[in-house]
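> I have a structure I would like to understand better, so I am pasting it below and will then ask my questions one at a time.
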Amino acid sequence: MSIGPSTSALLSTTGRTHRQDVTASYAALAQACAATGDDARHAELVSDHPHDVWSLPASRAIALVHTGQDEAWALVRGAELLEQHQVAVVTPYYGGVRTAAGRAVTFWHDPGKRRRDASLSARVTAAVHRIHPGSALWLEDHDPFAGLLDGLDDTPLSESARRFLFECTAWLQAEWAGIDWPTPPTVILGARRLARCHDGGTHPRLALRRPLWRGHREWDLVAARWSNELLRGRRDDLQAYHRTYTAHGRTGAAMPCEHIGAWSGYQVVRDVVVLTAVMDTVRRARLDSRTRDLAVHQVACLRGARPAPWDWGKR
């Protein structure tokens, strides 16, 4: 494992549990690379959420170390589906999923640097939404509440915070059941924020980090918007996003309002997206004190103890 700037930055504030997780992740990577003939000695950890992402400079590739086989296969199949439908997407370097040291490992072409561009994100998202779900019958229905609170009782949050999250989830689930969706189900990203696009120097591409779903496109549109409303930091050009998405969107499924923020179901979906993002942090709170403090802060924001816009770190 290379202890370069990315690895050092990710490990500099972590606790023993997190370092043990990274060590186990590297062991799986090294074993998988031994089978493929790739060199893991200079692998660089570039991200640790939602998977450990390792850069393999010698191969001009990246490797994702997953916690589960099913999720890894869903990611690979999702990328293959998008490529079949001519969506610009980062594709697997090798087909299939490797199993090593008890973990699933997938290899991908190096996506290049992240390119944060609202218009590009909108164009790629619209291309995903144009895919008819009937062309991928294996897609699972999008249910943001499935497994949402898994492991909550084992987190280092206070009893009061855990109780709030249970109550908040129950209330939002009841509200979700009453949503009048304006467009039919399609293929969606199930994103938390703007779709992640990267530029390797030739053509910008979507970098999948989570499986695709069969669901309502309004989720992805809300996910692209909420950070501007509730978080501090760099602002995304939502007008450019809306114009581009409208120009490239699915015909015959126009929104019945001027923009997604004017839709009657917007606030409920937004609150579910935000809760999902918070639970991503809460589940990782065991890793180190920094993540635990962030989880406590995010829950406090949800409870109204901190006025928006909130400071959740780099967006």
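> Can you confirm whether ASP117 is more than 29 Å from ASP288 (Cα to Cα) and modelled with pLDDT under 95?
yes
> Now for a different question. Check HIS216, HIS297, HIS248 and return the single one that is under 26 Å from TRP171 (Cα atoms), surrounded by fewer than 19 Cβ atoms within 10 Å (Cβ to Cβ) and outside the structural domain of GLY78 (by TED's automatic domain parsing).
HIS297
> Let me ask another. Of everything in the stretch 142-166 that's of a type outside the set (A, V, I, L, M, F, W, C) and closer than 16 Å to THR276 by Cβ, which residue is modelled with the lowest pLDDT?
It comes out as GLY151.
> Continuing with the same structure: Counting only residues that are within 19 Å of the chain's Cα centre (by Cα), of a type outside the set (Asp, Glu) and not in a helix (DSSP H, G or I), how many does the stretch 105-150 have?
Summing the residues that are within 19 Å of the chain's Cα centre (by Cα), of a type outside the set (Asp, Glu) and not in a helix (DSSP H, G or I) in the stretch 105-150 gives 19.
> Go through (1) free of Cβ contacts under 8 Å to residues at least 40 places away in the same chain; (2) under 22 Å from ARG115 (Cα atoms); (3) surrounded by fewer than 17 Cβ atoms within 10 Å (Cβ to Cβ) one by one and return the number of the condition ASP52 breaks.
The single condition ASP52 does not satisfy is (3).
For (1) surrounded by 20 or more Cβ atoms within 10 Å (Cβ to Cβ); (2) out of contact with any strand residue (DSSP E or B) (no Cβ under 6 Å at 6 or more places or on another chain), each residue gets a yes or a no:
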{"position": "CYS33", "(1), (2)": "yes, yes"}
{"position": "HIS42", "(1), (2)": "no, yes"}
{"position": "HIS66", "(1), (2)": "yes, no"}
{"position": "ALA72", "(1), (2)": "yes, no"}
{"position": "LEU82", "(1), (2)": "yes, no"}
{"position": "VAL97", "(1), (2)": "yes, no"}
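> Restricting attention to strands (runs of 3 or more DSSP E) lying wholly within the stretch 1-78, give those where 2 or more residues are of a type in the set (Gly, Ala, Ser) and modelled with pLDDT of 95 or more.
Strands (runs of 3 or more DSSP E) meeting the threshold: 61-66.
The values are calculated or read from the model by the stated rules, or taken from the named source; none is laboratory data. No experiment lies behind these values; they were computed from the predicted model shown. Note: ideal-geometry Cβ built from the backbone for every residue, glycine included; neighbour counts use all protein chains shown.
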